[in-house]
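Data block below; observations after.
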Amino acid sequence: MPRRDEATKSDAAGVFARLAHARTRLAANDEGVLRTQIALSEIPAPTGAEGARGASVAQRFSALGLRDLRTDSVGNVVGLRPGDDALAPVMVCAHLDTIFPQGTRVEVARDGAQLSGPGIVDNSRGLAVMLALAEVIDGRRLRTRRPIVFAATVGEEGAGDLRGIKHLFTLLDEPPAACIALDGAGDDRIVTRALGSRRFRVTFRGVGGHSWSSYGVPNPVHAAGAAAAKLASLPLPRTPRTTLSVCRIGGGLSVNAIPDEAWIEIDLRSSSPDVLARCCLEIEQAVRAAVREENQRRAIGSPPLTSMITIIGNRPCGEMDERHALVQSAVSATRAIGRDAELVTASTDANVPISLGIPAIAIGAGGRGGGVHTPTEWYDNTDGTLGVARALTVLVAAAGLSDSD
């Protein structure tokens, strides 16, 4: 991984010690962070319809005095906290969207430190903590050498395909020195391996017809089923862990009609670009073989079956060197709050900068959570301030503490 003009070289343990007053302020604002988390969670933000939540974040950015505020053409909300030096900025981001469709009841129930409601963890917690960091790094009592870009991104979940962060990185005048994604709860895991994915919709088309009188024309459902079976039997590497799943299948009009169309949707995941590329070729080969076999059985004179593979998702992948200063700072900050760091693989907004050779990690924003991506999602704020302190330390270590602080 390339190094960028002394980025992320600060000693995180030393930074942690110097941030005692800032940590005290954050701890004192714990209830305010929870209120923000609840308020944002109760604004519906399905992938592709994040506007209302984005507008709320934009208002909060403005109230915190961030500079150069903008909402870009895809809906990302971005603000800047200037640094003392003219250096490449550090970016901290948290995604706005949830997996829950329009119409989902998003009210949050609270019982002390326990919160429950769709999206209360993923990613209302990340957004609330990003706002808390923007407040405490105020440019007066706490300043950094590098500017810090705060970004609330759209389209991180599911079919969003990391649309927001991809767009953001196409517009940057200067690549950031480092990027830190705040995603969900937790205070021990550090995402250093970006889990890439390729998602495909394979459509099989024929002429269709009556199941008795037209029997012999190629059957798209037969080809779809054969392709699914071939894909299920493909050998996949254990290291790096790679998964290939046919997750959806459909087609047909009636039990007594040969369909004219069928389809399958495929999810392929790995942290290795080479493995992803090889498996993509194997998917194409399996589809061609299924079509060929179905056409070989067709009646003489029947039009052949055709297929089309459409990419419906493309998340880049890559891996951070565990020795990189950004990773080591995150490990040190995790130890500073009394936790053991765990380096893990996941798909987050950090995928994009990692794939571009820009130092990046994703971390949780404190507390504990469960039931993520279900209507019973829950968050427990016990020791939640520890994760906020860790996030602050990682960010300030990357941005460099001002000499006057």
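Points to keep in mind about this one:
- Theoretical FRET efficiency, 1/(1+(r/R0)^6), r = Cβ-Cβ of Ser62 and Leu172, R0 25 Å, to 0.05: 0.70
- If only the Cβ of Lys and Arg carry +1 and only the Cβ of Asp and Glu carry -1, the dipole of the chain around its Cα centre is close to 480 debye.
- By the count of other C-beta atoms within 10 Å, a proxy for reagent exposure, Ile266, Ile311, Ile337 are ordered fewest to most as Ile311, Ile337, Ile266.
- Both the radius of gyration and Dmax for the chain are 24.2, 86 Å, in that order, over alpha-carbon atoms.
- Charge context of Asp183, other residues only, Cβ under 13 angstrom, K/R +1, D/E -1: -4
- In degrees, nearest ten, helix 273-296 long axis to first principal axis of the chain (Cα): 20 degrees
- Per-residue Cβ neighbour rank within 10 angstrom, fewest leading, His21, His324, His95: His21, His324, His95
- Using a Förster distance of 22 Å, the FRET efficiency for Asp72-Arg140 (Cβ separation, nearest 0.05): 0.20
- Of Ala55, Ala350, Ala134, the one that fluctuates the most in a GNM where the chain has Cα springs shorter than 10 Å: Ala55
- Separation between Cα centres of segment 326-379 and segment 74-93, rounded to whole Å: 20 Å
- Full extension of the segment from Gln296 to His210, taken as 0.36 nm per residue of separation minus the current Cα-Cα distance, would add 29.0 nm.
- Evaluating 6.51 cos²θ - 1.76 cosθ + 1.60 at θ = phi - 60° for every residue in segment 194-208, the Karplus couplings come out as 7, 7, x, 8, 10, 10, 10, 10, 10, 10, 10, 10, x, 8, x Hz, glycine and proline recorded as x.
- Relative contact order %, the chain, counting alpha carbon pairs below 8 Å whose residues are six or more apart: 25 percent
- Extension gain, Ala229 back to Asp267 (0.36 nm per residue minus Cα-Cα distance, nm): 12.2 nm
- Prolate/oblate/rounded call for segment 87-181, Cα gyration tensor, a/c under 1.5 rounded: oblate
- Proportion of all alpha-carbon pairs of segment 196-315 beyond 22 Å (%): 36 percent
- Sequentially through segment 359-370, phi angles give Karplus couplings (6.51, -1.76, 1.60; θ = phi - 60°) of x, 7, 9, 10, 9, x, 10, x, x, 10, x, x Hz, Gly and Pro residues having no value and appearing as x.
- Fraction of antiparallel bridges per DSSP, the chain only, in percent to nearest 5: 70 percent
- Taking θ as phi - 60° and the Karplus parameters 6.51, -1.76 and 1.60, the scalar couplings of segment 231-243 work out to 5, 5, 9, 5, x, 10, x, 7, 10, x, 4, 9, 10 Hz in sequence order, x denoting glycine and proline.
- Residue order, fewest to most beta carbons within 10 Å, for Cys247, Cys179, Cys279: Cys247, Cys279, Cys179
- Spacing of the two label points (7 Å from each Cα toward its C-beta) at Glu31 and Met308, in nm: 5.9 nm
- Computed FRET value (nearest 0.05) for Leu281 with Asn256, which takes r as the C-beta separation and R₀ as 45 Å: 0.75
- Each residue, Arg110 and Ala39, gets one label point 7 Å from its Cα in the Cβ direction; the gap between the two is 1.1 nm.
- Divide the volume of the convex hull around the Cα atoms of segment 265-405 by the residue count and you get 166 Å³ per residue.
- Helical runs (DSSP H, four residues minimum) scored at -39500 (n - 2.57) apiece and divided by the length of the chain put the mean residue ellipticity at 222 nm at -10000 deg cm²/dmol.
Taken together, the values in this text are just the output of simple stated rules run on the coordinates, not laboratory data. Predicted model, so just to flag it, every value in this text is computed and none were measured. Ideal geometry is used to build each Cβ from the backbone, glycine not excepted, and the neighbour counts take in all protein chains shown.
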